[in-house]
Amino acid sequence: MGKIILNVPEELGPFLDEQAAHQGFKDRDTFVAELVAREADRARLRTLLEAGRNSPDMEGEVEAFFLRLRGMAAGSGA
C-alpha cells in the first residue's frame, strides 16, 4: 500500500505522541492513519444514510417480502 506524507505543525508532535501511546498505537503515524480511516468510515456511513433517507418508501415491499417467505415456509412443511 502506498503512503501519503502529511505535514502537521511541530507543536502537535507531543500531543500526537501522547495520544498514540494513551490509545495503544505503536506510533503517531499509526494513530493519525486510524483517525483518517475512522473519518472515512463516518463519511461512507453518512452517504449511505443519506441515500436511504432519499430512497423511495419500501415499507409495503418489506411486508410483501415477509408474507412471501411465510408462504414458502408454510408450503415446505417447515
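The values are calculated or read from the model by the stated rules, or taken from the named source; none is laboratory data. All figures in this text were calculated on a predicted structure; none of them were measured in a lab. With ideal geometry, Cβ positions are generated from the backbone for all residues, glycine too; neighbour counts draw on all protein chains shown.
Starting from residues that are aliphatic (A, V, I, L, M) and assigned to a loop (DSSP other than H, G, I, E, B), keep the ones in region 1-30 and report whichever is surrounded by the most Cβ atoms within 10 Å (Cβ to Cβ).
Val8
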Item to complete: Only one of these is in contact (Cβ under 8 Å) with a residue 12 or more places away in the chain, closer than 25 Å to Asn7 by Cα and not aromatic (Phe, Trp, Tyr): Arg28, Arg38. Name it.
Response: Arg28
Worksheet item: Could you count how many residues in region 31-78 are at pLDDT 95 or above and not in a helix (DSSP H, G or I)?
Response: 0
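From Ala40, Ala74, grab the single residue that is surrounded by fewer than 10 Cβ atoms within 10 Å (Cβ to Cβ) and either at negative phi or under 21 Å from the mean Cα position of the chain (by Cα) (or both). It would help to see each step written out before you state the result.
Values: Ala40 fails: surrounded by fewer than 10 Cβ atoms within 10 Å (Cβ to Cβ).
Unique residue meeting the criteria: Ala74.
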